[in-house]
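Remarks on the structure that follows.
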Amino acid sequence: MLELRGVVKSFGNLRAVDGVDLSIASNRITGVIGPNGAGKTTLFNLIAGSLTPDAGEIVFAGERIGGLSPDRIFQHGLARTFQIPRPFPRMTVLENTMLVPLRQAGERFWTNWWQPGLVAREEKAGRERATEVLSFCGLGGHLDHLAGTLSGGQQKLLELARVLMIDPKMILLDEPAAGVNPTLMETLVEKILALHAQGVTFLLIEHNMDLVMRICRPIVVMAAGKVIFQGDPDEIQRHPEVLDAYLGHAAA
Ligand SMILES: Nc1ncnc2c1ncn2[C@@H]1O[C@H](COP(=O)(O)OP(=O)(O)OP(=O)(O)O)[C@@H](O)[C@H]1O
Ligand SMILES: [Mg+2]
């Protein structure tokens, strides 16, 4: 579903992503682990279009997406959430979610000029869809609350709801469990597994090893900008040098 070939991104002298080749199969929950500064978020930024690769190719569902704008990539059905959620704090949960343009809406821009009522109908569709995805994410009781009043975990669920607006084929989650209490984390895991069962492909950065070992197959290990290992949890456990490298760095 997603192919990276020789992808490089430098910041000054630092090769944050240093020649990454990666093949992500559809219908999997692939985990990405690695110490702080390994290049995981930078990799996501390259895939999702927030950064342009210096070299290499990124192909999603058969189309080259490297260097396209985040909006274009999002409209292709590849969505991402942020390590630190960024809702508009003074807008309600429902408004934050309705801001996400539904797919193909842009293509119909010109029709808005001469089809009276279309904008209103699209707003209605957006409101219905937003209510549906927020309920799915367990935020049905918070529609009119200001997003800034949500807990950290609820903000992660709001981020998930927002990306569900477009019915994505693939979702990139950057540390979904960070700062989330155990109860909400179970909710989040449940939602990820339910979406996975519906055919959504996930790529998930996470430091919580229990979570990764439990739901991710395979797991990609990054260190210093490179992919150093890819395999299922039991294979990683059979290769102590991988965990050593990881935990050694992580402890440093
Ligand atoms: N915009 C930027 N400008 C300069 N350096 C950056 C930028 N973004 C990331 N870096 C550097 O690139 C390296 C990789 O950062 P990145 O955020 O991708 O790591 P990460 O694996 O996501 O780490 P963490 O687990 O802490 O989130 C780090 O050394 C970081 O300081
Ligand atoms: Mg990161």
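In the stretch 200-216, of all residues being modelled with pLDDT of 95 or more and not in a helix (DSSP H, G or I), the one that is farthest from ligand 2 (Cβ to nearest atom) corresponds to Val200.
The criterion of being more than 22 Å from Leu102 (Cα to Cα), crowded, with 17+ Cβ neighbours inside 10 Å and either of a type in the set (Gly, Ala, Ser) or more than 13 Å from ligand 2 (Cβ to nearest atom) (or both) does not hold for Gly19.
Entry remark, the stretch 37-95: residues being over 18 Å from the mean Cα position of the chain (by Cα) and closer than 21 Å to Leu160 by Cα number 8 in total. Looking across the stretch 31-61, just one residue is crowded, with 24+ Cβ neighbours inside 10 Å, modelled with pLDDT under 95 and of a type outside the set (Gly, Ala, Ser), and that is Ile33.
Which of the residues belonging to the stretch 131-187 are within 16 Å of Leu99 (Cα to Cα), at pLDDT below 95, in a loop (DSSP other than H, G, I, E, B) and hydrophobic (A, V, I, L, M, F, W, C)? Once the filter is applied, which keeps residues that are within 16 Å of Leu99 (Cα to Cα), at pLDDT below 95, in a loop (DSSP other than H, G, I, E, B) and hydrophobic (A, V, I, L, M, F, W, C), the stretch 131-187 yields Met165, Ile166. Taken over the stretch 224-252, the criterion of being within 14 Å of Gly39 (Cβ to Cβ) and modelled with pLDDT of 75 or more is satisfied by Ala224, Gly225, Lys226, Val227, Ile228. Take Gly62 and decide whether it is under 27 Å from Leu193 (Cα atoms) and away from ligand 2 (no atom under 14 Å from the Cβ). Yes: the conditions hold for Gly62. Reported count of residues in the stretch 151-183, each being surrounded by fewer than 18 Cβ atoms within 10 Å (Cβ to Cβ) and more than 21 Å from Asp71 (Cα to Cα), is 7. Scanning the stretch 15-29 turns up no residue that is within 16 Å of ligand 1 (Cβ to nearest atom), more than 21 Å from Glu159 (Cα to Cα), modelled with pLDDT under 95 and in contact with a Lys or Arg (Cβ under 8 Å, 6 or more places away or on another chain).
The values are calculated or read from the model by the stated rules, or taken from the named source; none is laboratory data. Note that the coordinates shown come from a computational prediction; the quantities given were computed from them, not determined experimentally. Glycine also receives a Cβ, built like all others from the backbone with ideal geometry; neighbour counts cover every protein chain displayed.
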